[in-house]
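Working notes for the structure below.
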Amino acid sequence: METDAPRRSSRFRLRIRKPNGMLARIFERLRPYRKRLAIGVLMLAAAQILRLLFPLITREVVNNVIPNRDFALMWKLGGLLIGLTIVRLFLLYSRGMLFERVSQDAVYQLRTDLYARLQAQSHTFYDTHRIGEIMSRMTGDLEGVRSFIMNFCQTMCEQTIMFIGALAFMGSISWLLTAVTLAAAVPLSVFAYFFNKKIRPAHAAVREQNAVLNTRTQENIAGVRVVKAFAREPYESARFEKDNQKVRSLHMNATYIWSNFNPVMDFLSSLAVPMMLLAGGALVRAGTLDLGSLIAATGYVWVLANPLRMLANFVNVYAQGLSSAEKLFYYLDLGTTVKDPPQIEEPIAREGRVKLENVTFAYRDQVVLRDVSLEAKPGETIAIMGATGSGKTTLVYLLARFYDARSGSVMIDGVDVRRQPLKSLRRSIGFVMQDTFLFSDSIRENVAFGEPGLDMEAVVSAADIAQASAFIDKMPQGWETVVGERGLGLSGGQKQRVSIARALAYDPKILVLDDATSAVDMETEADIQQGLSSRAHRCTTFIIAHRISSVIRADQIIVLDGGRVAERGSHAELLEKKGLYYRMFMDQVRDFVGLDGVKEA
């Protein structure tokens, strides 16, 4: 397998941005739902205002019902309490459903946009980002944002209304008691500020390590057969244990910060009650405040104390939500290095004509192709050979703009690929990748993947050319047999034949076979080549192979060495040169006929 691409980064790093900017971006995501949010907030406000009437009813009971034994008034007030409670329950239920719907809709759209952005990324992105990290963002971090919208925004709004409302009602009773209560909130606010500065980086570190652990898990489950084949279970378990311990350690660090701050914040918020009672008792004793008003004020103090007591939890959820959002918006902000040009140009006709002129390409600082030129006419077969890492796969990837050349031009049907629309360009090329990948779906759906809705006749025809129909017909459910993840349940050769059928099914103008028959026997390979030759006039074919038998019938053979074109010509012409191709041919001949038969071969 070629190793043209660089190693993937071992850790996905992020810079912690200003929280206000991230919060603004979350709220911007909620703009399409502002009407529903406004209705929800109005319901929430109405429910909390009804709740704030309860202490006033209690004051009436203390000041009028109990001293005057006015039971008629007591029944009226009791009925009013029950009515207010029923209305409040209805409002709270409706508010909860509205906020939940908004949070689900917002995350649905965010997930859709994120997936679309990932689909639009070039190969370079996936060369440097691990799948496990991406999956962590698509699951855990998305749920973190949803929880932030649902819990933090809703609860914060609810508690803010309660706090301001309680202050207003309490101020109507006694401005002095209100001032005493607010005095306890000042040190609490300062403490919450420092708590946020500590807890947010801690949560960011937890999310980062969770992504690393998810990557470790994904890679080991995907490669479990390799692990078992080399009996490396203890080693992989030890590596997983190490990353798992880091997750636990970081979680404990966040808990340690929380545990240090939370009791102090709870204590400061609780100070409001005794301070108000002392001040209120003095006012009652002095005769400037009646007992009912003091009891009502006490009820409002408990309402005021609840947001203060929850402040530590608010900061904690806030930090987690912003930490998750930051990672998601990182992906959304990433531009792709390969995209449609501002002004596209379509070829007059899709014929499969290919021309590379002085093409140089590098992965970062590693030059893979140097000044490569070649030309393929419609219907020709071009074979590309060379040692592992010589740039064979990279060369054909440039045709579909999986990467862009650093210099030179790649022309298809007379137009530079960088000026062509990506979808149209890639629809004209059929790829059989080096790393054969099949989806967890039926064989029929896998073959028809490039052309959804393709009729069965075309599917079978493509499979016939790929020599796949015979073994498919013997499968338990035939064409409807569902293959496992990545084609589990099929042999390597069977997967390659299904992959070839998939590339042929939508009749591309350019066909790329990247080591596409390495897992099939030579007899089957010959049958596949025979089938391909019957439709050679319909597409230009690029064959990357190590077997001489795979390329011997090619119109032109390109031999790459160190990223440069070392030799080119037909099979017979290259044998006469007695260069690199000749040596490869002789090495393979020896494997079949032995040293004594080389000359005859």
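Since every read-out is calculated from the coordinates, none of them should be taken as a lab result. Note that the structure is predicted; figures quoted are calculated from it, not measured. Cβ coordinates were reconstructed from backbone atoms using ideal geometry, including for glycine residues, and neighbour counts include every protein chain displayed.
Run the reach check for residue 578 against aspartates and glutamates, Cα to Cα strictly under 17 Å, same-chain hits fewer than 8 apart removed. What comes back?
Straight-line reach from residue 578, under 17 Å: 561, 567, 587, 600.
Would you mind putting 356-362, 283-289 in packing order, based on average other-beta-carbon counts within 10 Å, highest first?
Working: 356-362: 18.0, 283-289: 12.4.
Ranked from most to least packed, the peptides come out as 356-362, 283-289.
For residue 590 and residue 100 in the same chain, what is the full-extension length gain: residue separation times 0.36 nm, less their Cα-Cα distance, in nm? Please report the intermediate quantities before stating the final value.
Numbers: separation 490, 0.36 × 490 = 176.40 nm, distance 7.09 nm.
Answer, rounded to one decimal: 169.3 nm.
Pairs to check: 392/495; 423/509; 339/423; 377/577; 355/377. Give those whose C-alpha atoms are more than 20 Å from each other in this structure.
Values: 392/495 22 Å; 423/509 14 Å; 339/423 10 Å; 377/577 24 Å; 355/377 9 Å.
Those over the limit are 392/495; 377/577.
Helix 34-52 against the longest principal axis of the chain: what's the angle in degrees, Cα atoms only, rounded to the nearest 10?
30 degrees
Using only the alpha-carbon atoms, how far is helix 311-333 inclined from the longest principal axis of the chain? Give it as 0 to 90 degrees, nearest 10.
20 degrees
Quick one: grab Rg to one decimal and Dmax as a whole number for the stretch 438-502, Cα atoms only, in Å.
That works out to 10.2, 27 Å for Rg and Dmax.
Mind jotting down the three principal axis lengths of the chain based on Cα atoms? Whole angstrom, largest first.
If we take the Cα atoms of the chain, the spans are 124, 50, 45 Å.
Nearest 0.05, what FRET efficiency do residue 72 and residue 482 give at R0 = 51 Å with Cβ-Cβ as r? Intermediate results must be reported in sequence, preceding the final value.
Working: r = 75 Å, r/R0 = 1.47.
FRET efficiency, residue 72 to residue 482: 0.10.
Within a Cβ distance under 14 Å of residue 295, other residues only, what is the Lys/Arg minus Asp/Glu net charge?
On the way: positive: 59; negative: 60, 290.
Here the charged neighbours net out to -1.
List the relative contact order of the stretch 438-502 as a percent without decimals, with contacts defined as Cα pairs under 8 Å and 6+ residues apart.
Working: 81 pairs, mean separation 34.3, N = 65.
Relative contact order for the stretch 438-502 comes out at 53 percent.
Could you line up 75, 479 from fewest to most neighbouring Cβ atoms inside 10 Å? Intermediate results must be reported in sequence, preceding the final value.
Numbers: 75 11, 479 19.
Going from least to most buried by this count: 75, 479.
Please work out the FRET efficiency for the pair residue 530 and residue 583, using the Cβ-Cβ distance as r and a Förster radius of 25 Å; give the result to the nearest 0.05. Each step should come with its number before you reach the end.
Values: r = 28 Å, r/R0 = 1.13.
FRET efficiency, residue 530 to residue 583: 0.35.
Once the Cα atoms of helix 175-222 and of the chain are each reduced to a long axis, what angle between those two axes, in degrees from 0 to 90 to the nearest 10, is obtained?
20 degrees
Between residue 337 and residue 388, 0.36 nm times their residue separation minus their Cα-Cα distance comes to what? Numbers along the way, then the final one.
Working: separation 51, 0.36 × 51 = 18.36 nm, distance 2.62 nm.
Full extension from residue 337 to residue 388 adds 15.7 nm.
Across the stretch 20-333, how many lysine pairs, 8 or more positions apart or on different chains, have C-alpha atoms separated by under 23 Å? Please give the number. Intermediate results must be reported in sequence, preceding the final value.
Working: 197/246; 197/327; 198/246; 198/327; 228/242; 246/327.
Total qualifying Lys-Lys pairs in the stretch 20-333 comes to 6.
Say each of residue 186 and residue 27 gets a label point 7 Å from the Cα, pointing the same way as Cα to Cβ; how far apart are those two points in nm?
Result for the modelled spin labels: 2.7 nm.
Using the number of other C-beta atoms within 10 angstrom as an exposure proxy, rank 87, 315 with the fewest first.
87, 315
Can you give the FRET efficiency to the nearest 0.05 for residue 473 and residue 441, using r as the Cβ-Cβ distance and R₀ = 25 Å? Mind dumping the intermediate values first?
Details: r = 18 Å, r/R0 = 0.73.
After rounding to 0.05, the efficiency reads 0.85.
Hey, any idea what Rg/Rh is for the stretch 20-333, computing Rh the Kirkwood way over Cα pairs? Could you put the intermediate results ahead of the total?
On the way: Rg = 25.6 Å, Rh = 23.0 Å.
Rounded to two decimals, Rg over Rh is 1.11.
For the chain, what is the relative contact order in percent, using Cα pairs closer than 8 Å and at least 6 residues apart in sequence? List each step's numbers first, then the result.
Details: 858 pairs, mean separation 89.0, N = 601.
Relative contact order comes out at 15 percent.
If you rank 444, 364, 406 by fewest surrounding Cβ atoms within 10 Å, what's the result? Before the final figure, lay out each step's value.
On the way: 444 19, 364 9, 406 12.
Fewest-to-most Cβ neighbours within 10 Å comes out as 364, 406, 444.
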